[in-house]
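The values are calculated or read from the model by the stated rules, or taken from the named source; none is laboratory data. Since this is a predicted model, take the numbers as computed values, not measurements. Here the Cβ is made from the backbone with ideal geometry for all residues, glycine too, and neighbour counts use every protein chain on show.
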Amino acid sequence: MAGRTDFATLLRRFLTHHLPSVRGCSPGTVDSYRQAFCLLLEYLRSEHGLEADEVELDDITRVAVEGFLDWLEARGCAASTRNQRKAAIDSFVRFLEYERPECLPECRQILSIPPKRTAQKEIPFLKTEAMRALLGSIDTGRRDGLRDHAMLSVMYATGVRVSELTGLRARDVSLGEPPTLLVHGKGNRARYVPLVGQVTQILRTYMRAYGLDLPERNEEWLFQSHVGQRLTRQGVTYILRKHADAARMEHPEAGIPERLSPHGLRHTAAMEMVGAGVDLIYIRDVLGHASVRTTEIYARADSKLKRKAIEASDRAIVPPENPVWEEDDGLREWLNSLGRRR
């Protein structure tokens, strides 16, 4: 890049101010980007002999970035991981375009590096029968069973991310009309998610049993550990898999996956909404996707929708009337005569 400007200063501003304050990225996103640049610095040191404090903007070129991405793959990184690291660099480069306009030509070169194509993975989700077996296997007569049943029901009904689930407080639940859940999503973006069906009564029963419906406990976590602390991602995963294992033994025919994750319930909620014919725009808003393009993967994965679309197109292109040879006796006789020996 033109001009040996201070790479370290710009990178620090990008990670500590631009990402969290300007773009509103979550701590997890910032940490992921930080790891990408740690790897980039390791590559420049091992392959180009540049220590971290010696790197300048001149060293961040298209050739260097392509070499870094190839280096990642040589170390065994999957194409998806390679693309994640490239996304971090692309974000920094876009930041540079405004901070250092003189770098625009090289920035354009770096941004033109295409991502690696990855195979489309099958979306893991539970069918309705499997989800019913999972929830039905939980003993709600036990105190922790009541909590687990309410927690998994909320995940299934709303499709919230596990980080959003564990961040819910009692005050985020509104059981009036209409009942809603205030979810704090990625990038500090909050959204209201409607509570429909039986989940409203399930939550009301759970909160009353735990005393979380009392005004003085509004600030407490909605789903807590046995010592009253906020549940962790690992804790939610353990609870889910514990009940999934029990349900699988009780209902082996239900088809519950062996390694079920909380994100699988998010996929399940999305696929249920798609199957019910809910508009993708509404599903995007409920799930908290930044773009409807992300939501479209569920529509593409729904085999029922595919079959309906094919059947609809088939009806549209095939005329309902009988073939012409069925109505033309002369033509039918001529067709029947084909192949006869004379």
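The number of residues in segment 40-99 that are free of Cβ contacts under 8 Å to residues at least 60 places away in the same chain, aromatic (F, W, Y) and within 19 Å of L10 (Cβ to Cβ) comes to 3.
Take the conditions in a helix (DSSP H, G or I), touching a residue at least 60 places away in the same chain (Cβ under 8 Å) and either of a type in the set (D, E, K, R) or farther than 21 Å from T158 by Cα (or both) and apply them to A246. Does it pass? Spelling it out, A246 is indeed in a helix (DSSP H, G or I), touching a residue at least 60 places away in the same chain (Cβ under 8 Å) and either of a type in the set (D, E, K, R) or farther than 21 Å from T158 by Cα (or both).
Among the candidates T158, T140, the residue that is surrounded by 14 or more Cβ atoms within 10 Å (Cβ to Cβ), within 30 Å of E219 (Cβ to Cβ) and modelled with pLDDT of 90 or more is uniquely T140. Scan segment 62-70 and tell me whether some residue there is surrounded by 15 or more Cβ atoms within 10 Å (Cβ to Cβ), among the β-branched types (V, I, T), within 21 Å of E99 (Cα to Cα) and modelled with pLDDT under 95. Within segment 62-70 (the criterion being surrounded by 15 or more Cβ atoms within 10 Å (Cβ to Cβ), among the β-branched types (V, I, T), within 21 Å of E99 (Cα to Cα) and modelled with pLDDT under 95), the answer is no, since none of the residues qualifies.
Taking Q201, is it closer than 22 Å to T128 by Cβ, polar (S, T, N, Q) and out of contact with any helix residue (DSSP H, G or I) (no Cβ under 8 Å at 6 or more places or on another chain)? Yes; evaluated as a whole, the condition is true for this residue.
Scanning segment 21-51 for residues that are in contact with a Ser or Thr (Cβ under 9 Å, 6 or more places away or on another chain) and at pLDDT 90 or above, we see that the one that is surrounded by the fewest Cβ atoms within 10 Å (Cβ to Cβ) is V30. Any chance segment 249-265 includes a residue that's surrounded by fewer than 19 Cβ atoms within 10 Å (Cβ to Cβ), charged (D, E, K, R) and in contact (Cβ under 8 Å) with a residue 40 or more places away in the chain? Yes, some residue in segment 249-265 is surrounded by fewer than 19 Cβ atoms within 10 Å (Cβ to Cβ), charged (D, E, K, R) and in contact (Cβ under 8 Å) with a residue 40 or more places away in the chain.
Among residues of segment 73-95 being surrounded by 19 or more Cβ atoms within 10 Å (Cβ to Cβ) and more than 24 Å from the chain's Cα centre (by Cα), the one that is farthest from T16 (Cα to Cα) is V93.
Restricting the search to helices (runs of 4 or more DSSP H) fully inside segment 14-118 and requiring at least 2 residues that are among the hydroxyl-bearing types (S, T, Y) gives 27-48, 79-99.
Conditions tested, residue by residue: (1) at pLDDT 90 or above; (2) hydrophobic (A, V, I, L, M, F, W, C); (3) out of contact with any strand residue (DSSP E or B) (no Cβ under 9 Å at 6 or more places or on another chain).
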position	(1), (2), (3)
D148	yes, no, yes
S153	yes, no, yes
A170	yes, yes, no
S174	yes, no, no
E177	no, no, yes
K186	no, no, yes
A190	no, yes, no
